[in-house]
Amino acid sequence: MMLATVALFSIAFADIDGWAKWRGPKDDGMARGTAPLEWSDTKNIAWKVKIPGRGMSSPIVWGDKIFLTTAIPNETAPQAAAPAAPTRGRGAGGGAGAKGVNHRFVVYCVDRKSGKILWDTVAANLAPHEGYHFRYGSYASNTPVTDGKLLYAFFGSFGLYALDFNGKIVWKKNFPAQNMRLEFGEGVPLTLHEDRLFVKLDSEHDSYMQVYDKTTGKELWRVDRDEPSSWSPPLITVVNGKKQVITSASNKTRAYDYLTGKLIWEVAGLGTNVIPAPVVHEDIVVVMSGHRDPNLQAIRLDNNGTVVWSNTRGNSYTPSPVLHNGLIYFVTDNGQLSCFDVKTGKAHYHQQRLPKPYNFKASPVGANGHLYLATEEGDVVVVKMGPTYEVAATNTLEDASFIATPAIVDGMIYLRSQDTLYAIGKP
């Protein structure tokens, strides 16, 4: 019976090389293979390279190349530069940045073995219309994605760009300016599946999702969305042999037909400012919000979208969860870690405090039985995966503060701080 269930309800991921998208090969935050357990400023640093400008997007990896984005002001703009000593923790902060100041929106390609910058392409040169969160935002917060042939870099209101691996722009799309809640900034990752590229644009007015042919940029379908600002990416699943597109947001979690965009089901119940990415385990999709009216919903993938269990305490506000072996791991922005059984909703541990107070915006990632939690304070706490909470290591980089989610490939961890990209592992 279980084998039949898995066949009917499964995540539709492309089993591709490296860490080609934000949540890893299977959209669940898990890497293949191993990763280092211990490092410091003087141990297990293969290389590090400064990245100009300000970008909170995460690095992605294909083969021997790393790709990431940034935004560089063309004139002196004190608010646009990353602070020398970043402040950390909770608090309001929308509207910072350098609106009205022209920025270069840049895509970088870095050699994975040496850290050498192979090329950089200026995708656009524009003046932003609004700001971003002064601690956690940037004009380059949307993580790119690749299929190994083209790289897709998304700067929200400032355009979508398809580049070849030499940095040449193959096609591009422009969008009307988004207006995000309290000028918190834009940052929805792209979703790429087979021949289709999904772009979700939820803002304070005229929200919609658009789907493009990845090779040509031709629009395949578009659906208007009755939603305020949200930052969670679409997720592709297979239900009874047919693909669905799952989106989570404040008004409704929705399932759309992959081919046409037709609405299949919708479920209300999440709170405001939905950020964490959905994850799927067999016939259950888990969606989450952690701001006002927080809620986690485990929804059965049927024609009605039935909620089978929920949780209103200790949910992630910003970080996305990790799913592995039927367990879901999630961390609050102020450092409380939880582990639940996806099928039953049983809490193996709940709101577990880490070794010392931490703040989080980066999402955890997993590898080889360990969960890696990159903090604003520059530590990466490593916790053993499984139903029992146990810290395996705590690793510190003195001048770092992590907002971007790490990438793990071939035993190496790629960590982006606010001004530096680190390669962690054996040189």
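Mind checking which residues of the range 297-314 are free of Cβ contacts under 8 Å to residues at least 40 places away in the same chain, assigned to a strand (DSSP E or B) and either surrounded by 23 or more Cβ atoms within 10 Å (Cβ to Cβ) or not hydroxyl-bearing (Ser, Thr, Tyr) (or both)?
300, 308, 309, 311
Name the residue, out of 222, 254, that is among the basic types (Lys, Arg), within 21 Å of residue 186 (Cβ to Cβ) and surrounded by 17 or more Cβ atoms within 10 Å (Cβ to Cβ).
Answer to the check: 254.
Are any residues in the range 352-402 closer than 17 Å to residue 322 by Cα, under 17 Å from the mean Cα position of the chain (by Cα) and part of a loop (DSSP other than H, G, I, E, B), and if so, which ones?
360, 361, 362, 363, 364, 375
Kindly provide the set of residues from the range 103-144 that are part of a loop (DSSP other than H, G, I, E, B) and among the polar types (S, T, N, Q), ordered by number.
Those that are part of a loop (DSSP other than H, G, I, E, B) and among the polar types (S, T, N, Q): 114, 138, 141, 142, 143.
Being assigned to a loop (DSSP other than H, G, I, E, B), more than 16 Å from the chain's Cα centre (by Cα) and either without any contact (Cβ under 8 Å) to a residue 60 or more places away in the chain or on the phi > 0 side of the Ramachandran plot (or both) is the requirement here; does residue 148 meet it?
Against the criterion (assigned to a loop (DSSP other than H, G, I, E, B), more than 16 Å from the chain's Cα centre (by Cα) and either without any contact (Cβ under 8 Å) to a residue 60 or more places away in the chain or on the phi > 0 side of the Ramachandran plot (or both)), residue 148 qualifies.
Do any residues in the range 321-341 that are in contact (Cβ under 8 Å) with a residue 24 or more places away in the chain have Cβ atoms under 6 Å from those of residues that are part of a loop (DSSP other than H, G, I, E, B) and aromatic (Phe, Trp, Tyr), where the two are at least six apart or on different chains, and which pairs are they?
331/360; 333/317; 333/360; 335/358
Of all residues in the range 349-398, how many are of a type in the set (Val, Ile, Thr) and in contact with a Pro (Cβ under 8 Å, 6 or more places away or on another chain)?
5
Can you name every residue in the range 188-209 that is buried (at least 23 other Cβ atoms within 10 Å of the Cβ), not aliphatic (A, V, I, L, M) and not in a strand (DSSP E or B)?
189, 202
Values in this text are rule-based calculations from the coordinates and carry no lab data. Because the structure is predicted, anything quoted here is derived from the model rather than measured. Virtual Cβ from ideal backbone geometry, glycine too; neighbours counted across all protein chains shown.
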